[in-house]
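Read through the structure below, which is laid out as structure tokens, and then see the notes.
The values are calculated or read from the model by the stated rules, or taken from the named source; none is laboratory data. Because the structure is a prediction, the values reported are computed rather than measured. Positions of Cβ are generated from backbone atoms using ideal geometry, with glycine treated the same way; all protein chains shown enter the neighbour counts.
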Amino acid sequence: MPDSRFFENKGPFTLAEIVTRSATTLTAGSTASLLIKDVAPIDKAGADELSFLDNRKYIDQFKNTKAGACIIRPEMAEFAPKNTICLLSPMPYKAYALAAQAFYPVIKATTAGIAATAVVDSTAIIGQNTQIDAGAVIDADVQIGDNCHIKANAVISNSVEIGDGCIIGPNTTLSHCVLGERVVIYPGAQIGQRGFGFAIDPAAGFFTVPQLGRVIIGDDVEVGSNTTIDRGAGPDTSIGNGTRIDNLVQIGHNVEIGQHCVIVAQVGISGSTKIADFVMMGGQSASAGHLTIGTGAKIGAQSGIMRNVEPGTEVMGSPAIPSKQFFRQIATLNKMTKKGKK
């Protein structure tokens, strides 16, 4: 059970309510009025708690679970214990996410108001039911939507626009950017700073090139802690709707990231790279600049992208090559090593 000091439970809910929220189907003869008080792991859940199973690796735990209800795939129902009601879904983890959000909402209600130690410029426009915490700084001509939460010591620079329902974490800095709705920026993220752009004169050194673009972030985007997103040099840097960016990611100027991408921790994306929709980049992978990564491509952890990646391709290694080729090379190398020892 989640620690009530940190997580507020909004339950209980009946199974009927959970079915509606999670888009699941009850097994025949189940009691829709059963009251569920919480969510819990499958091996720890009790008779008034909800769990889920999405991996056959844990089938034995499912067979022995004490959970009152469990979200599973239809083909797993035959393994359910006698006293566990099954909620059927082709995507149990998604259904569980929707159900768990009922008990523990991702976006919490705000307490409208501005802390006494916050600094808000008189020209800033603050929406209804928006909360601004201690030490936050809101500069001139900023626009913040309704039901937002600007947390402690965040700095929102001149003319930034923030849509409804956004959460801006502690110690973040936002400049030269426009955010959509329901965007979550985690602590320490830096968005909109000057991109890494300069001209080189072999005799005289470096000459800074003004970075005149913005960062445009779509709806339902999350940006992890201590991630940095540079503004564009002329064209904008853009992040598409629904994309999830992990902690400690570096996104260079003019980068375009599509919708519903997953960018895992310590990824580095060089300037002017174009990433299409539904791309997944594993931890510590990186791309050279001015490349295109196609729709649905999967980039393995620690891969180095040196050339364009076609849609739907899975690549690994540095320089990155198709995953099947990569594993064949590893297998061949292992065989050669063994022969050498003999």
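Tabulated data for the structure shown
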item: Meets criteria (out of contact with any Asp or Glu (no Cβ under 6 Å at 6 or more places or on another chain), basic (Lys, Arg) and either surrounded by 15 or more Cβ atoms within 10 Å (Cβ to Cβ) or outside the structural domain of residue 258 (by TED's automatic domain parsing) (or both)) for residue 298; result: no
item: Restricting the stretch 132-159 to residues that are part of a strand (DSSP E or B) and not β-branched (Val, Ile, Thr), the residue that is farthest from residue 171 (Cα to Cα); result: 143
item: Flag for residue 287 being surrounded by 22 or more Cβ atoms within 10 Å (Cβ to Cβ), among the hydroxyl-bearing types (Ser, Thr, Tyr) and over 17 Å from the mean Cα position of the chain (by Cα); result: yes
item: Scan of the stretch 301-319 for residues that are over 24 Å from residue 230 (Cβ atoms) and buried (at least 20 other Cβ atoms within 10 Å of the Cβ), ordered by number; result: 315, 316
item: Pairs where the first residue, in the stretch 64-88, is buried (at least 24 other Cβ atoms within 10 Å of the Cβ) and the second is among the polar types (S, T, N, Q) and not in a loop (DSSP other than H, G, I, E, B), C-beta under 8 Å, 6+ apart; result: 65/51; 67/51; 69/51; 70/51; 71/22; 71/51; 87/22; 87/25
item: Condition broken by residue 256, with the remaining ones in (1) closer than 24 Å to residue 214 by Cβ; (2) of a type outside the set (Phe, Trp, Tyr); (3) under 17 Å from the mean Cα position of the chain (by Cα); (4) not assigned by TED's automatic domain parsing to the domain that holds residue 238 satisfied; result: (4)
item: The stretch 293-307 residues that are without any contact (Cβ under 8 Å) to a residue 12 or more places away in the chain, paired with ones that are of a type outside the set (Asp, Glu) and surrounded by 15 or more Cβ atoms within 10 Å (Cβ to Cβ) (beta carbon under 6 Å, 6 or more apart); result: none
item: In the stretch 147-175, the residues that are surrounded by 24 or more Cβ atoms within 10 Å (Cβ to Cβ) and closer than 22 Å to residue 195 by Cβ; result: 154, 156, 160, 162, 168, 172, 174
item: Among residues of the stretch 206-231, those that are at pLDDT 95 or above, assigned to a strand (DSSP E or B) and hydroxyl-bearing (Ser, Thr, Tyr), counted; result: 1
